[in-house]
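Please treat every number below as a calculation from the coordinates, not as lab data. Being a predicted model, the structure only gives us computed values, none of them experimental. In this analysis, Cβ positions are derived from the backbone assuming ideal geometry, glycine residues included, and neighbour counts consider all displayed protein chains.
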Amino acid sequence: MSVFTIAVLAAAVRAGTPVLFATLGEIFAERAGILNLGVEGMMLVGALAGFVTTVRTGNPWLGVLAAGAAGGALSLIHALLCVTLRANQVASGLALTIFGTGLSASLGRGYIGVPAAGFHPTPLPGLARLPVLGPVLFHQDPLVYLSYLLVPAAWFVLYRTRWGLEIRAVGEQPEAADAMGVDVARVRYACVATGGVLAGIGGTFLSIAYTSMWIENMTAGRGWIAVALVIFATWDPLRAVVGAYLFGGVNALQLNLQAAGTRLPIYLLLMTPYVFTIIVLVFATRETARKRLGAPAALSVPYSRTG
Amino acid sequence: MIRLRVERRALPSPWASAAAPVLALAAALLAGAVMLAIAGLNPLTAYVDLVSDPFGSVFGWTETIVKTIPLILTGLAVLLPARMRLWNIGAEGQLQCGAIAATWVAVWTPLGHSPVAIPALLLAGMAAGALWCLIPAILRAYLSVNETITTLLMNYIALLLVDYLIYGPWQDPAGRGFPLSAPFPPAAKLPLLIPGTRVHLGLVLALAAVAATAFVLNRTRWGLEIRIIGDNPRAARYAGISLVRNIVLVMGVAGALAGLAGASEVSAIAGRLERGISPGYGYTAILVAWLARLSPLAIVLVALLLGALFVGGDGLQISLGLPIAVVYMLQGLIFFFVLASETLATYRLTARGRSPGRSW
Amino acid sequence: MTPGSPPPRVEMRGITKRFPGVLANDAVDFDVAAGEIHALLGENGAGKSTLMKILYGFYEPDAGEIRLGGVPRRFRSPRDALRHGIGMVFQQFMLVPSLSVAQNVLLSLPGTGWRIDERTAAAQLAAQAVRYGMAIDPAARVWQLSVGEQQRVEILKLLAGGAEVLILDEPTAVLTPQETRDLFATLRRLAAEGRAVVLITHKLAEVTAVADRITVLRHGRRVGTVPAADATARSLARMMVGRETFDHLHRDPVTPGSAAVELADLWAANDRGLPALRGVSLTVRSGEIVGLAGVAGNGQRELGEIVAGLRRPSRGRVWIGGRDRTGASPFEVIQSGVGHIPEDRLGVGVAPRLSVADNLVLKRYREPRFGRGPLLDGAAVAAHARQLIAEFEIQTPSPGTPARALSGGNLQRLILAREISARPRVILAFHPTRGLDISATEAVHRLLLAERRAGAAVLLISEDLDEILLLSDRIAVIFGGALIGVTEAREASVEALGLMMGGQPAP
């Protein structure tokens, strides 16, 4: 395998990681029946929080904590509106995106151009020496390694624990779950918050690992791509990896083409991830319809006991 | 222990429905003030400027109206599909496509110098906007692809398209390398309605669009079909109404309205294709449509208020150095509180605690 | 209660519950003893389900007290009630369709730790099922099960949770007569083991067959409690309704005309892709009512949808009025004169937030009388609405009232008014009286018979055998997607029909 291919694959993993975090988070929220379109806003807020904390403390891990907290806090607004107050989930998510975008841009203006001591690629001893897999998978930022642990953890929680059973029941048939004694509201709050935390971490990956800087709107729609990838992943953590890295691959490929001095116009190349996502969405929608796999049946429907 | 419970009211309380948006606005401003204070600014001076800039002078008023025009059009572009339970988040991109098409007509075709320049570029803008919205519409109508995501992704593509054109083939040779297109010829600039201000013909078009939308929805057969689909898609199908045809038609019209906004903005205000034709009107349009409770006539007032917010935000940029993004923060807060207040109109917050004499 | 005897297993005293606009329970007293099967009888809307949902912890009462074994208790949630040994099987099963039987049972059991061991759970489940004479596959996904099987899962779920008090809400609504007998046998076994069983129902015949005591509710109040031995169907009906019920409608003999609807060898799949119809052939002639009997889920819904144009058959042909309408769209079907009274009134039959007037022209707004060109003539729509409201006695504050404000009976009147006033040559009536009270039911029956007399062809799809027998000229039974038997109504018996509904052809 050529050096160029390996470089692109490694770049694909890197570029796909922020989206992977966000997609995993949104999978939890949607599995519990809550559609959260505010991922973009939560990622931006997390990106800023992580960046600022890293600048102030010099410790990127504290930045990660701050990013998770920021994303989680923002997501609780959505949870309050959608779970307790039963507001329209699409509207609330859009409001969250508008707010998060505005908040991060407003508070972040003083940090444009400021350098931060973010993460650096850290090769894992021994594993980094493996042919092909080594440089692609094990020569990455620590947050990428975190994502490697997160995926099987998410799968395990969802399919092998009681919590996962409750989450899936709440997302499919909250009436049944309620009648069986599950606290629907608590499960939904927890899942939305998880989504927020992971989105925040995904966002800060961009500001302290992928690059070490803060730019307004630096997520450039990745939050939305994550929402699309949840459908592609059929709400399953393992398939989310495929989707995220595919997206990362398209991204990495067009970046590499740019760097290699291709004659294709830059801006047209930059369109490819979005076009790719639309195409993926078309196929994913057809596939879920064909296989009759669906979104969690109660997705985006507010639940109330007397309702 | 007090437990808060949300219980549905029998009928939405009328005074609560009316008071809700006002309370929401007040609460949002309060929360915004807190945030501004945290950011180290004096919220009072900021708010005074926010109100006095758009409404404190004639110039302020006209600038507000200028901003209202695209907000009305994009607001309608969100409202019309929303009446059918479709979410058009792509008004921003449709607006940009309208601007692109208008630029093409004005700058790159002989029509731009002819007496029919204005209608031509406006129609081109509408066609481009409609086309941009038809792609997600067809995907939704025939393949059930979620239009919320596709319309939004198309926004990013449209913005990149604009960048491509103004950095590339359409870059003004006399522009010294700045990302701008060549300027519109005079025949292609929308006439002003009030000389000395920037209020342009677009206002007439926007108000006409409002009237037309209200008329169509309430007085035509097509409007009834739209309302039936919006209320209960299954009943619509049962009644023999074609969902596919209506999705495509409605989204097409919506895109055309947003495209009209783009064409009029680029022609009347910017005068050339450049970055920042829209500070995000297409996104604010979502709030506009929601606050107007999907009523076309109410959109005019709501667009005016949010247009004022933009003008005020511009002023804050100059006076306090605040980024325009603060406007979005405030819009987000308003949106949150309005959503919360709507719940209170249809539901009632009760507290249950122990009280003597009852066993519960 | 005689002094010195143990307190009843469950006691409810003075229970009152209010919902927006309706007093569901008005100071109701109710008790059930261990080892007893107590039937809670009443019409739809009498308050039976509400009362039991309060016992089950789903709702909190506005006033009153509950005692378990003499000890006052308050339940904040179903989980709370479960912990005290109270379990309820609802009309709509509280099962998660996409999960397996074992997973559903595990979910309902509190405190099994955070790791779940499905295999052990499945084995225990299977053993318990056998013990009570219910056959079930623990690994099957719930959506694959028949309704009767799902009900068994619900009962097993409760038993696994240690329920000592079992409440069943209209359990036989979805069962064949044979399955009902099996269920009652299971209930007797459970009662014999000392459990208390509450049976919520509106079916008089069942109540006398299985209950020990019967409590009748009407309009939220308790009318009386009688031992089953002392009750007769008539006395119970009188308590339920407050007057003698009519059980005979005058049916003219009508000579049927030519075939209005012809179905030939229809095959179709359901929403899940499984075969729902297997070669169904049926004819409905003008001036006759053909009743299609069968337990829900045997293909009648798909059949109705095909006739209405809402579903395409994979094989076979449909003729309406002599013209081939196979695969026609709903619009074309409406144009060929088919009226459709849907199963789901609020979900399919009306646009709930639009006005009564708009709903009355839901299918007819395209007609020239309602506007010129693209315009809609509001005055014509309103006049039309006023006329129909008067003619069909739809009770509504005004033609402009949103449809969802109407009661179930008036909603059905609206739908019937709309469908019938268009003078359809075919009427598809899908569970037309489900959830309606006696007077509304009678009104619907009268209208359908009037249409029959006027020459319409009526296809009546219903789970209510009494209704089918009352209205139909011919009766077809559907089971597993195929027609088991088509008989003249006067030759049919409940026994034979019940057997056919359960899949056994009449001898």
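Could you state the angle between the C-alpha long axis of helix B:91-103 and the longest principal axis of the C-alpha atoms of chain B, as a value from 0 to 90 degrees rounded to the nearest 10?
That works out to roughly 10 degrees.
Considering chain B as a Gaussian network with a 10 Å cut-off on Cα pairs, which listed residue, B:Phe335, B:Phe59, B:Phe184, attains the greatest mean-square fluctuation?
B:Phe59
Calculated from DSSP H runs of 4 or more alone, at -39500 (n - 2.57) each and per residue, what is the 222 nm mean residue ellipticity of chain B, nearest 500?
Numbers: 13 runs with 239 residues, N = 360.
Helices in chain B give a 222 nm mean residue ellipticity of -22500 deg cm²/dmol.
Compute the normalised compactness of region C:196-351: alpha-carbon radius of gyration over 2.2 N^0.38 Å, N being the residue count.
Numbers: Rg = 21.5 Å, N = 156, 2.2 N^0.38 = 15.0 Å.
Ratio of Rg to 2.2 N^0.38 Å for region C:196-351: 1.44.
Other chains near A:155-168: what is the mean number of their Cβ atoms within 10 Å of each residue's Cβ? Could you put the intermediate results ahead of the total?
Values: counts 0, 1, 1, 0, 1, 5, 4, 10, 2, 2, 9, 1, 0, 5.
Mean shielding by partner chains, rounded to a whole number: 3.
Between C:Trp114 and C:Arg372, what is the label-to-label distance in nm when each label sits 7 Å out along the Cα-to-Cβ direction?
Label at C:Trp114, label at C:Arg372, 7.4 nm between them.
Could you work out Rg/(2.2 N^0.38 Å) for region C:25-149, with Rg from alpha carbons only? Walk me through the numbers before you get to the answer.
On the way: Rg = 16.9 Å, N = 125, 2.2 N^0.38 = 13.8 Å.
Computed over Cα atoms of region C:25-149, the ratio equals 1.23.
Straight distance only, please: which aspartates and glutamates reach the Cα of C:Lys17 with their own Cα at less than 19 Å, same-chain residues fewer than 8 apart left out?
B:Glu7, C:Asp26, C:Asp29, C:Asp31, C:Glu43, C:Glu60, C:Asp62, C:Glu65, C:Asp169
Alpha carbon centre of region A:133-175 versus region B:24-49: separation in Å?
Cα centroid to Cα centroid, the span is 40 Å.
If contacts are Cα pairs under 8 angstrom and at least 6 residues apart, what is the relative contact order of region C:287-403 in percent?
On the way: 97 pairs, mean separation 22.2, N = 117.
It comes to 19 percent, rounded to a whole number.
What average number of partner chain Cβ atoms lie no more than 10 Å from the Cβ of the residues making up C:337-348? If you can, show how the numbers build up before the last one.
Details: counts 0, 0, 0, 2, 0, 3, 0, 3, 0, 2, 4, 8.
Mean number of neighbouring Cβ atoms from other chains: 2.
Per residue of C:324-331, how many C-beta atoms from partner chains lie within 10 Å of its own C-beta, taken as a mean?
Details: counts 0, 0, 0, 0, 0, 3, 7, 5.
That average works out to 2.
Under the definition of Cα pairs under 8 Å and six or more residues apart, what whole-number percent is the relative contact order of region B:72-198? Walk me through the intermediate numbers first.
Working: 156 pairs, mean separation 35.3, N = 127.
After rounding, I find 28 percent.
For region C:131-237, which GluC sites (Glu not before Pro) are in a loop by DSSP, counting at most 14 other Cβ atoms within 10 Å? Kindly include the intermediate steps, with their values, before the conclusion.
Details: sites: C:Glu149, C:Glu154, C:Glu164, C:Glu179, C:Glu193, C:Glu206; in loops: C:Glu164, C:Glu193.
Loop-located and lightly packed - C:Glu193.
Distances longer than 47 Å among the Cα atoms of the protein assembly as shown: what percent of all pairs is that? Could you put the intermediate results ahead of the total?
Details: 272015 of 688551 pairs.
Of all Cα-Cα distances in the protein assembly as shown, 40 percent exceed 47 Å.
Label region A:3-293 by shape, choosing from rounded, prolate and oblate, from the square roots a ≥ b ≥ c of the eigenvalues of the Cα gyration tensor; if a/c is under 1.5 it is rounded, and otherwise prolate applies when a/b is larger than b/c, oblate when it is not.
Prolate.
Under Stokes-Einstein, with the Kirkwood radius over Cα pairs standing in for Rh, what whole-number D in µm²/s applies to region A:58-170 at 20 °C and 1.002 mPa s?
My calculation gives 121 µm²/s for D.
Of the beta bridges DSSP finds with both residues in the protein assembly as shown, what % are antiparallel, to the nearest 5?
Within the protein assembly as shown, antiparallel bridges account for around 60 percent of the total.
Can I get the semi-axes of region C:364-507's equivalent ellipsoid? Compute them from the C-alpha gyration tensor as square roots of 5 times the eigenvalues, in angstrom, largest first.
Values: eigenvalues 260, 55, 33 Å².
Calculated on Cα positions only, the semi-axes equal 36, 17, 13 Å.
If I take every Cα pair under 8 Å that is 6 or more residues apart in chain A, average their sequence separation and divide by the length, what percent do I get for the relative contact order?
On the way: 592 pairs, mean separation 112.2, N = 307.
Computed value for chain A: 37 percent relative contact order.
Based on other C-beta atoms within 10 Å, arrange C:Ser398, B:Ser295, B:Ser181, B:Ser267 from fewest to most.
Numbers: C:Ser398 12, B:Ser295 16, B:Ser181 26, B:Ser267 29.
Final ranking by Cβ density, sparse to dense: C:Ser398, B:Ser295, B:Ser181, B:Ser267.
Take B:Leu294 and C:Arg74, extend 7 Å from each Cα along the Cα→Cβ direction, and tell me the distance between the two endpoints in nm.
Distance between label points: 4.1 nm.
Excluding residues on the same chain fewer than 8 positions from C:Lys157, give the aspartates and glutamates whose Cα lies under 14 Å from its Cα.
Straight-line reach from C:Lys157, under 14 Å: C:Asp137, C:Glu149.
Once label points are set 7 Å from the Cα along Cα→Cβ at both B:Ile38 and C:Asp230, what is their separation, rounded to one decimal in nm?
Output for this residue pair reads 7.0 nm.
Could you tell me the center-to-center distance, by alpha carbons, between region B:65-121 and region B:190-255 in angstrom?
That distance is 14 Å.
What shape does region C:87-163 have by the C-alpha gyration tensor, where a ≥ b ≥ c are the square roots of the eigenvalues, rounded means a/c under 1.5, and otherwise prolate means a/b greater than b/c and oblate the rest?
Working: a/c = 1.29, a/b = 1.25, b/c = 1.03.
Note, shape of region C:87-163 comes out rounded.
Taking the alpha-carbon distance from B:Lys67 and a cut-off under 28 Å, which lysines remain once sequence neighbours fewer than 8 residues away in the same chain are dropped?
Of all the lysines, those that pass the test against B:Lys67 - Cα under 28 Å, at least 8 places apart if same chain - are B:Lys189.
Taking the alpha carbon gyration tensor of region B:72-298, what are the square roots of 5 times its eigenvalues, largest first, to the nearest whole Å?
Values: eigenvalues 203, 71, 40 Å².
Each semi-axis is √(5λ); the values are 32, 19, 14 Å.
Apply the a/c threshold of 1.5 to the C-alpha gyration tensor of chain C and tell me whether it is rounded, prolate or oblate. Please report the intermediate quantities before stating the final value.
Details: a/c = 1.82, a/b = 1.51, b/c = 1.21.
Prolate shape, in that a/c is at least 1.5 and a/b is the bigger ratio.
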